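Single-structure report; data block below.
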Amino acid sequence: MIVFLANRANLQSKRLHDRIRNRLGGVFDNVRRRRAEPREAGPYRVIGELDPRQFLDDEAYPVPTARIEIGFQLQTGQPYEYYWFNWVEPERSLLVGWHQDDTHEDLGPVHLQVNDGATAVVHERTRFIDSHPLDVLEHRLDALPDAVLAVEWEQGRPVGIDSATT
């Protein structure tokens, strides 16, 4: 495990996203940084593609491709950064992601979300990590396989998440 003790107040958004891109380059394919789209918060996203069967160590996993999308917004008016850490499977219209932002305040500063296409099927309170964004990245990467495998399915559609697993 890598420990980051850098001063978060001195973070620069483009440099942070470049460091995320570099970190993901050893695990994911076609890793790139892009400017966020107008509907997305924060200035950048880092996207990487992967074989979920290999990443999850599950040869029976039902889709052969997925991607990860990560973005941080540094200046938020809060004492912590906002971020979006998403696993996306276009073939099944699945999104599983941690979102630390100003939505769903009833769940606290960060929640785990499962989407079926553009429709959220569940939001669940999850652990807030008050740490450097690169440390948050490591924690979420470590927890990602469990979160993806905890998605509950009915008739080929995601319907929830097994809270005991996440």
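The values are calculated or read from the model by the stated rules, or taken from the named source; none is laboratory data. Predicted model only: the values in this text are computed from it and were never measured. Here the Cβ is made from the backbone with ideal geometry for all residues, glycine too, and neighbour counts use every protein chain on show.
Tabulated results
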| item | result |
| --- | --- |
| Test result for Asp106, touching a residue at least 40 places away in the same chain (Cβ under 8 Å) and either farther than 30 Å from Arg53 by Cβ or not aliphatic (A, V, I, L, M) (or both) | no |
| Matching residues in region 139-155 - criterion: being in contact with a helix residue (DSSP H, G or I) (Cβ under 9 Å, 6 or more places away or on another chain) and either closer than 18 Å to Pro109 by Cβ or modelled with pLDDT under 95 (or both) | Arg140, Ala147 |
| Whichever residue in region 52-81 is β-branched (Val, Ile, Thr) and buried (at least 17 other Cβ atoms within 10 Å of the Cβ) and, among such residues, is nearest to Val151 (Cα to Cα) | Ile68 |
| One residue from Gln73, Gln54, Gln78 being under 16 Å from the mean Cα position of the chain (by Cα) and not β-branched (Val, Ile, Thr) | Gln73 |
| Tally, over region 102-115, of residues that are buried (at least 16 other Cβ atoms within 10 Å of the Cβ) and not β-branched (Val, Ile, Thr) | 6 |
| Strands (runs of 3 or more DSSP E) lying entirely in region 93-157 (those with 2 or more residues that are more than 21 Å from Ala41 (Cα to Cα) and hydrophobic (A, V, I, L, M, F, W, C)) | 151-154 |
| Search result, residues across region 79-113 that are more than 22 Å from Arg157 (Cα to Cα), touching a helix residue (DSSP H, G or I) at 6+ places or on another chain (Cβ under 8 Å) and among the aromatic types (Phe, Trp, Tyr) | Tyr83 |
| Failed criterion for Ser163 (all others in (1) assigned to a loop (DSSP other than H, G, I, E, B); (2) in contact with a strand residue (DSSP E or B) (Cβ under 9 Å, 6 or more places away or on another chain); (3) closer than 21 Å to Phe72 by Cα hold) | (3) |
| Failed item in (1) under 19 Å from Asp135 (Cβ atoms); (2) part of a loop (DSSP other than H, G, I, E, B); (3) free of Cβ contacts under 8 Å to residues at least 24 places away in the same chain; (4) not charged (D, E, K, R), with Gly77 passing the rest | (1) |
| For Glu124: the one exception among (1) free of Cβ contacts under 8 Å to residues at least 40 places away in the same chain; (2) surrounded by fewer than 18 Cβ atoms within 10 Å (Cβ to Cβ) | (1) |
| Where Val88 falls short, out of the listed (1) part of a helix (DSSP H, G or I); (2) free of Cβ contacts under 8 Å to residues at least 40 places away in the same chain; (3) surrounded by 15 or more Cβ atoms within 10 Å (Cβ to Cβ) | (1) |
| Scope region 34-74; condition at pLDDT 95 or above, in contact with an Asp or Glu (Cβ under 7 Å, 6 or more places away or on another chain) and part of a loop (DSSP other than H, G, I, E, B); matching residues | Val63, Pro64, Thr65 |
